[in-house]
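Engineer: Once you've had a glance at the structure underneath, I'll fire off some questions.
The values are calculated or read from the model by the stated rules, or taken from the named source; none is laboratory data. What you see is a predicted model; the values in this text were computed from it and never measured. Heads up, the Cβs are rebuilt from the backbone with ideal geometry, glycines too, and the neighbour counts pull from every protein chain shown.
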Amino acid sequence: MSDTDEERDSMILSDEEKQYFRALLAWEPSNALTIMRKRSAPERPLAGRFRVLVLGSKGCGKTAILTRFCKNSFTGEGQPPDSAYERGCQRRIKIKDQIYVVDALELAPSQLSEGHYLRHAVAITEAAVLAYDVRSRDSFVLVQELHQRIQEALVVDERQHYCLILAGNKADGDEDSREDGDRMVTEGEGYELASSLGGGRTRCAFRETSARTGENVDNLFLLLGAELLKMRQLTEQCQEQADYTSMEATGQTNGYGLNKSPKKVTKWRVWGLLRRAFGDAPRKTVVTVV
Ligand SMILES: Nc1nc2c(ncn2[C@@H]2O[C@H](COP(=O)(O)OP(=O)(O)OP(=O)(O)O)[C@@H](O)[C@H]2O)c(=O)[nH]1
């Protein structure tokens, strides 16, 4: 490969972009202490880490969701967001008595217009919160586009997993208040979209959230975390099965006929396992909407 090809393949990033992704990849607890929500639980060894993207249209409440998740506060409707959380935050969560760190990263809508940003962000994360504003039809439409673009950004790797959760934010209109009249997307439409993003036997769900009241905000990340653990376990099992089948096949090449090499047989068996677990997910990736 020539230098020019290499340059084309690699991302050309501005200093600010480099800083952003570097911070994202090397975010150590010491850096995050100032912005991490203080927990009273004693320090325990980490069982793992989840890297989660938070995407959505301008003003749908991405920073507010992160501020609620990491600091358990809300700056107030119409107020500028807490700048400490504009690009992401980090927080520990507990799943089945184990402690995990969530690295949550926000991509600004301006960054979404540049394809390489989203591609790179998807490549270094395992899951995304697709947020929309229940008072904005446009934000709901954008979420569908984002889903499509994430699919395109996912690397062609049969073992890669990527989980999604839909979040219909600002679902805090009081029945008697003006806000409820502002709602443009019903809860039913949210459920419908979530199931269309899944399909087959893939579990489809979504949550309506409110960064203002805190409703379901923690749940978004807990659900994603639990789903990622399941996906990791499944990937591991598939890998083990693939290794085993590969070894088996190497010793019995005669049994597979002319058109099926041991490698192909292994590939099909792995696919069989994934399909059995998740139904007819897209061919290239396993995308789960929890
Ligand atoms: N009522 C209500 N207002 C919210 C909620 N979440 C965010 N807001 C308000 O919506 C506005 C935009 O919130 P942000 O968190 O800045 O939205 P964002 O998606 O990060 O915006 P960009 O970074 O510009 O893309 C702010 O005025 C928030 O106070 C919510 O759950 N309920």
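Engineer: Do we find a residue being farther than 15 Å from Val217 by Cα, surrounded by fewer than 23 Cβ atoms within 10 Å (Cβ to Cβ) and among the aromatic types (Phe, Trp, Tyr) anywhere in segment 91-100?
Structural biologist: To start, the set of residues in segment 91-100 that are farther than 15 Å from Val217 by Cα comprises 95-100.
Among the residues that remain, those that are also surrounded by fewer than 23 Cβ atoms within 10 Å (Cβ to Cβ) are: 95-100.
Among the residues that remain, those that are also among the aromatic types (Phe, Trp, Tyr) are: 100.
Yes: one or more hits.
Engineer: Applying the selection to segment 46-86, what residues are near the ligand (Cβ under 6 Å from one of its atoms), surrounded by fewer than 24 Cβ atoms within 10 Å (Cβ to Cβ), in contact (Cβ under 8 Å) with a residue 40 or more places away in the chain and not small (Gly, Ala, Ser)?
Structural biologist: Correct list: Lys58, Glu77.
Engineer: Right, next: Name the residue, out of Gly181, Gly225, that is surrounded by fewer than 17 Cβ atoms within 10 Å (Cβ to Cβ) and either assigned to a helix (DSSP H, G or I) or at pLDDT below 95 (or both). Full working, then the answer.
Structural biologist: Values: Gly225 fails: surrounded by fewer than 17 Cβ atoms within 10 Å (Cβ to Cβ).
Every option except Gly181 fails the conditions.
Engineer: Would you confirm whether or not segment 116-126 contains a residue that is under 21 Å from Leu46 (Cβ atoms), exposed (fewer than 15 other Cβ atoms within 10 Å of the Cβ) and in contact (Cβ under 8 Å) with a residue 12 or more places away in the chain?
Structural biologist: yes
Engineer: Search segment 97-106 for residues being over 15 Å from the mean Cα position of the chain (by Cα) and in contact (Cβ under 8 Å) with a residue 40 or more places away in the chain, and hand back the single one that is nearest to the ligand (Cβ to nearest atom). Full working, then the answer.
Structural biologist: First, pick out the residues of segment 97-106 that are over 15 Å from the mean Cα position of the chain (by Cα): 97-100.
Cutting the leftovers down to in contact (Cβ under 8 Å) with a residue 40 or more places away in the chain gives us 98-100.
Values: Gln98: 29, Ile99: 27, Tyr100: 24 Å.
If we take residues in segment 97-106 being over 15 Å from the mean Cα position of the chain (by Cα) and in contact (Cβ under 8 Å) with a residue 40 or more places away in the chain, then Tyr100 is nearest to the ligand (Cβ to nearest atom).
Engineer: Return the residue satisfying two criteria in turn: it lies in segment 152-173 and is away from the ligand (no atom under 16 Å from the Cβ), of a type in the set (A, V, I, L, M) and outside any strand (DSSP E or B), and of such residues it is modelled with the highest pLDDT.
Structural biologist: Ala153
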